[in-house]
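See structure below.
The values are calculated or read from the model by the stated rules, or taken from the named source; none is laboratory data. On a predicted model such as this, the values are computed, not experimentally measured, just so you know. All Cβ positions, glycine included, derive from the backbone under ideal geometry; neighbour counts span all protein chains shown. The protein model used for the area step is the full one, side chains on, heavy atoms only, and it has no ligands, DNA or RNA in it. Shrake-Rupley method; radii C 1.70, N 1.55, O 1.52, S 1.80 Å.
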Amino acid sequence: MTTETELSKRYDASQIEDKWYQHWLDQNYFHSEPNPGKQPYVIVIPPPNVTGILTLGHVLNNTMQDILIRWRRMQGYEACWIPGTDHASIATETKVVNMLRHDGITKSGIGREKFLEHAFEWKEKYGGIIIEQLKKLGASCDWERERFTMDDGYYRAVLTAFVELYKKGYIYRGKRLVNWCPATKSAISDEEVIYQERESHLWYMRYPVKDSDDYIVVATTRPETMLGDTGIAVNPEDKRYQHLVGKSVVLPLVGREIPIFADDYVDKEFGTGAVKVTPAHDPNDFEMGQRHNLDVINIFNEDASLNGNVPDYLEGLDRFEAREVVIERLKEAKLLEKTEDYTHKVGYSERGHVPIEPYLSEQWFMDMNKLVEPALEAVRSGRVKFHPAHWTKTYEHWMTNIKDWCISRQLWWGHRIPVYTCESCGEVMVQVDAPEKCSVCDHGTLKQDEDVLDTWASSWLWPFVVHSWPEESEDLKYYYPTNDLVTGPDIIFFWVARMIIAGQEFMGDVPFNNVYFTSIIRDAQGRKMSKSLGNSPDPLDLIAKYGADTLRYGIMLMAPKGQDILFSEDRLEVARNFMNKVWNASRFVLMNLDFEITADDLNPGKWQDLELADRWILHRMNETVKKINDQLEKFGFNDGAWTLWEFIWSQFCDWYIEIIKIRMYDGTPEQKRQALSVAIYVLRNIMKLFHPYAPFISEEIWQQVKLAEEPDLIVADFPRFDKRFVSTDVDEMEFIQQIITQIRTIRSEMNVPPSKEIAIIGRPANAAQGARLEKVADYLKKLARVSELTLDPNAKKPKGSATAMVEKLELFIPLEGLIDVEKEVERLEKEITSKSGFINGLNKKLSNENFVNRAPAEVVTAEREKLVQAEAALAKLEESLKSLKAE
């Protein structure tokens, strides 16, 4: 370190961030190799969709992962953060279909092989956008290990897992009710169903009882599905319908006889207490149909038009067109009793943007009952820990009520199911590599299953396939199991639980030890982020405006563990101010170096006779080191961010730097050297502590404070607690801080000009307290601009004095000559009158029931906060006035 070291006058993120990221890449710092001499620390990134672009959710999740990986790398672990992207079957296929449609090309028109060529071309052109965006955020992933869930090795691994599970009897083909997207003509997962509130109607329909003039009324939101009804259900306890149980009704418009039966599932209070049962188009109806052996009649084609199982005049109609026809026909037959407005939630296909249909379809399923047992035990025993812990109950509830997993999708982009059927003898062969001929009859004409696997049926293998499973490799032995996973709680079932299942099944061990679930990011008003609301800013715009460090650190300041995150740009301004504070404080210290810092200057073992302020800041630094390490061990990202704030801003910048100015400007060369050596030592440790949160600014400053032989900050040692810095007299420093704070408050409240020095009379409670104050008198005089300090245990309060109290020590500040007392009294009285009027107005508003009941809750809360603040300010004004008038 030389005396010529200097930072630029203004902190400009754009001048340093790309520079340092490229430097880290050039030095290969992110890359990891198995190292028997080091303990591995491994994170696998939740692979974003290859179609994706960076969102604030990605910023939150990946900043947390990067904090962990940079911290562990600096701690000396062989840190490996494996990136990659998910092929996202339905999302990508939808994008490609739309692209081709724009060019007048249809998927069916070009066939599967040609379509997949277009899909891979699209992926190569657009699929890496989010990876480049993660680099702008500062993600220190091992990019040499980047994987894609449809690269050759991964594709083969997915097929291998399918074949193994099929051979064990866990995978079977069956006809079940699934979520069906009529737009993409594919089954979709629950996670791909988005529920939206819709205003609709409840139609009350009369079903004539056979051989009777009686009828039973049922209510439905989907009258068109009545064409597939095969029963009417009532609650067995409902006396209104007991006489009808066992009889039949004649299905309107169709003429089919269907039974009336009793089932506990029926809610007596909803609608009429009787429900139409359509097993082919409602999951609850399907379960009732299974219990009561009802027929299952599918009335829809794959595009949700009506098929041949309906009257001729309805066949081929779209489901919503058919609804209108059914309603009109019921009216004509006087079988529509009434219609009511009704608001309910309707499931929409996330990619198809149309209402889904519960649809009876032949699909491939995975039997989950036995597979879940080891995964359930892994969490219950604590081998996998969830943070926050309350997610454990959610996990247990789902795992103990799990249903078989529909793993097939009617798409072309994805892992094609490796099942081959002989067209001659019908033999079914399940194997990774396509067979050349039938294993039974030697016939060479084989047909592969048309479906692909659910996207989750590939990503559930992520933690070990990224290490080249099923091949035995040094990487797999060294890096598996991984350590920590950071992800959103919305995919606890779809991904986290299934990864634990897969890890236990294929590797015989859990895939990770800890799972940290991030929170939901909302806007300042508590609303979910969405494009339609215009409250979801583009992270790249935020990085361009504030810098990646500010975005990273700012979002950590907003992210309390287990609570929703209320995002606002105002809070990023706070984080940017902090970056400027760090920069300016560092620049100040460096600008005052007029000697070359050596290793001896930075060696605590060489320091002698440290001043109280030096011992105090080293003690506080040591406490901060312990806190940060402890907080990160517990995934306390937000706690760590605020711990850094408190130490850097409040203790180092606001106090320590101000204190050492005394020695820098008025001390001997030796005193100045010692002060600056301690300041540089602390600043170096601040950069190390700050690096996981704000890697760019910390690396830039580190380059100015490191010794020539030391490494870049990204691979420097992370601070550890050091018993040498534990000090027993830090209370003395806090004693003087309280006194100075009280004096500064009085100066502000009494309008004493900052340039004017003041005299203080101290009345200590005892001789020991007086001695304490004398020891720190120099700090007091310099930092509070005190010209004279008088200590007298019998002192009387002078007329027109302000008073402060610190640990029973009374301090009197005579104001005569500092301010015009009469004018100050007049000013305070005017302020008190104004503030009182303001408070009266707020009280009237808040006592008005119309305002409190009708105004938005956030407005009422804001008014109440104004009242609390105004009352506190009034109390201070009255206290100040009392001090000036006191005899």
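For residue 454, what residues show an amide H to amide H distance below 5 Å, using hydrogens built from the backbone and excluding near sequence neighbours?
Placed amide hydrogens put 408, 409 under 5 Å from residue 454.
Given H placed on each backbone N at 1.01 Å, which residues far from residue 348 in sequence or on other chains put an amide H within less than 5 Å of it?
194, 195, 196, 356
Can you give the accessible area per residue of segment 29-79, in Å², using a 1.4 Å probe? Working shown, then result.
Details: 1380 Å² over 51 residues.
About 27 Å² of surface per residue is accessible.
To check my understanding: the extent here is largest minus smallest coordinate of the Cα atoms along each principal axis. What are those three numbers for segment 554-600, in Å, largest first?
Principal extents (largest minus smallest coordinate, Cα): 49, 23, 7 Å.
By average Cβ neighbour count within 10 Å, what is the ranking of 62-70, 690-698 from highest down? Kindly include the intermediate steps, with their values, before the conclusion.
Details: 62-70: 24.4, 690-698: 26.0.
Order by mean packing, descending: 690-698, 62-70.
Calculate how steeply helix 669-690 sits against the longest principal axis of the alpha-carbon atoms of the chain, using the helix alpha-carbon long axis, and give the answer as 0 to 90 degrees to the nearest 10.
Tilt relative to the chain: about 10 degrees.
Calculate the FRET efficiency for residue 790 and residue 649 from the Cβ-Cβ distance with a Förster distance of 35 Å, rounded to the nearest 0.05.
0.55
Using packing as a proxy for protection, rank 839-848, 125-134, 227-236 so that the peptide with the highest average count of other Cβ atoms within 10 Å comes first. List each step's numbers first, then the result.
On the way: 839-848: 12.9, 125-134: 17.1, 227-236: 23.7.
Order by mean packing, descending: 227-236, 125-134, 839-848.
Hey, what do the phi angles of segment 298-308 turn into as Karplus ³J(HN,Hα) couplings, whole Hz, using 6.51/-1.76/1.60 and θ = phi - 60°, x for Gly and Pro?
Per-residue couplings from phi come out as 7, 10, 10, 7, 5, 8, 6, 7, 7, 9, x Hz.
Considering only 506, 533, 491, whose Cα is most displaced toward the positive end of the charge dipole of segment 481-535, charges sitting on Cβ of Lys, Arg (+1) and Asp, Glu (-1)?
Most positive-ward Cα: 533.
Which one, 557, 736, 368, is farthest towards the positive end of the dipole of the chain when Lys and Arg carry +1 and Asp and Glu -1 on their Cβ?
Final value for the positive-end residue is 736.
Residue-wise, which Karplus ³J(HN,Hα) couplings in Hz belong to segment 268-278, taking 6.51 cos²θ - 1.76 cosθ + 1.60, θ = phi - 60°, and x for glycine or proline?
4, 8, 8, x, 9, x, 10, 10, 6, 10, 10
Positive end of the charge dipole of segment 138-265 (Lys, Arg +1 and Asp, Glu -1 on Cβ, about the Cα centre): tell me which of 265, 205, 246 has its Cα farthest that way.
Working it through, the farthest residue towards the positive pole turns out to be 246.
Please tell me which of these pairs span more than 21 angstrom C-alpha to C-alpha: 19/688; 385/634; 276/331; 136/581; 370/477?
On the way: 19/688 19 Å; 385/634 11 Å; 276/331 18 Å; 136/581 23 Å; 370/477 26 Å.
Pairs exceeding the cut-off: 136/581; 370/477.
Which Cys in the chain stand alone, with every other cysteine's Cβ at 4.7 Å or more from theirs?
Cys with no partner Cβ under 4.7 Å: 80, 141, 181, 406, 653.
Non-local amide H neighbours of residue 272 (under 5 Å, H modeled in plane, Pro and chain starts lacking H): which ones?
219
If I model a spin label at residue 573 and residue 404 as a point 7 Å from the Cα along the Cα→Cβ vector, what separation in nanometres do I get?
5.9
Between segment 738-753 and segment 79-125, how many Å separate their Cα centres?
67
Using θ = phi - 60° and the Karplus relation 6.51 cos²θ - 1.76 cosθ + 1.60, list the HN-Hα couplings for segment 536-546 in order, rounded to whole Hz, with x at every Gly or Pro.
With coefficients 6.51, -1.76 and 1.60, one gets 10, x, 6, x, 5, 5, 5, 5, 5, 7, 10 Hz.
Any idea what angle helix 548-557 forms with the longest principal axis of the chain, computed on alpha-carbon atoms, 0 to 90 degrees, nearest 10?
Between the helix axis and the principal axis of the chain, the angle is about 90 degrees.
Report relative contact order for the chain in percent, whole number only (criteria: Cα-Cα under 8 Å, sequence separation at least 6). All intermediate terms of the calculation are to be shown ahead of the outcome.
On the way: 1446 pairs, mean separation 116.2, N = 887.
Normalised by residue count, the contact order of the chain is 13 percent.
If you compute semi-axes √(5λ) of the Cα gyration tensor in Å for the structure shown, which of (i) 158, 38, 26; (ii) 67, 39, 22; (iii) 48, 33, 30 do you land on?
Looking at semi-axes √(5λ) of the Cα gyration tensor in Å for this model, the match is (ii).
Give the separation of the Cα centroids, segment 284-351 to segment 435-488, in Å.
Spelled out, the Cα-based centre of one part sits 40 Å from the other.
Ranked from highest to lowest mean number of other Cβ atoms within 10 Å per residue, what is the order of the peptides 606-619, 394-407? Please report the intermediate quantities before stating the final value.
Working: 606-619: 18.0, 394-407: 15.9.
In descending order of packing, they fall as 606-619, 394-407.
Could you grab the relative contact order for segment 579-699? Cα pairs under 8 Å, six or more apart, rounded to a whole percent. Write down the numbers at each step before the final one.
Working: 74 pairs, mean separation 43.3, N = 121.
Once normalised by length, the contact order is 36 percent.
Provide the percentage of antiparallel DSSP beta bridges, counting only those with both residues in the chain; round to the nearest 5.
Values: 64 of 91 bridges.
Just about 70 percent of them are antiparallel.
In nm, give the distance between the simple-model label positions of residue 720 and residue 312, each being 7 Å from the Cα along the Cα-to-Cβ direction.
8.8
Would you mind working out the accessible area per residue for segment 829-887, using a 1.4 Å probe, and quoting it in Å²? Spell out each step's value before the answer.
Working: 4120 Å² over 59 residues.
Roughly 70 Å² per residue, with all protein chains present.
For the chain, what % of the accessible area comes from carbon and sulfur atoms, probe 1.4 Å?
On the way: 18650 of 40190 Å².
In the chain, the share of accessible area belonging to carbon and sulfur is 46 percent.
Taking the Cβ-Cβ separation of residue 176 and residue 421 as r and a Förster radius of 22 Å, what is the calculated FRET efficiency to the nearest 0.05?
Values: r = 20 Å, r/R0 = 0.93.
Calculated transfer efficiency: 0.60.
Measuring with a 1.4 Å probe in the full set of protein chains, what accessible area per residue, in whole Å², belongs to segment 187-340?
Values: 7460 Å² over 154 residues.
About 48 Å² of surface per residue is accessible.
May I ask you to compute the full-extension gain from residue 853 to residue 708, defined as 0.36 nm times their residue separation minus their alpha-carbon distance, rounded to one decimal in nm?
Numbers: separation 145, 0.36 × 145 = 52.20 nm, distance 6.69 nm.
Gain on extension, residue 853 to residue 708, equals 45.5 nm.
Residues of segment 344-383 with the amide nitrogen closer than 19 Å to a label point 7 Å from the Cα of residue 520, along Cα-to-Cβ, please.
Those under the cut-off are 344-350.
R0 = 60 Å: FRET efficiency of residue 872 with residue 215, Cβ-based, nearest 0.05?
Working: r = 70 Å, r/R0 = 1.17.
Efficiency at R0 = 60 Å is approximately 0.30.
With each pseudo-label sitting 7 Å past Cα toward Cβ, what's the residue 126-residue 195 distance in nm, one decimal?
3.1
Roughly how tilted is helix 730-749, in degrees to the nearest 10 and between 0 and 90, from the longest Cα axis of the chain?
That helix lies at roughly 90 degrees to the long axis.
About its Cα centre, what dipole magnitude does segment 357-446 give when the only charges are +1 on Lys and Arg Cβ and -1 on Asp and Glu Cβ, stated in debye to the nearest 20? Don't jump to the answer; show the numbers that get you there.
Numbers: 9 positive and 12 negative charges, 138 e Å.
With only Lys, Arg, Asp and Glu charged at Cβ, the dipole is about 660 debye.
Over all distinct alpha-carbon pairs, what is the Kirkwood Rh of segment 1-99 in angstrom? Intermediate results must be reported in sequence, preceding the final value.
Values: mean 1/r = 0.0591 Å⁻¹.
In segment 1-99 this quantity evaluates to 16.9 Å.
What is the Cα centroid distance between segment 585-629 and segment 758-776, reported in whole angstrom?
With segment 585-629 and segment 758-776 each reduced to a Cα centre, they are spaced 29 Å.
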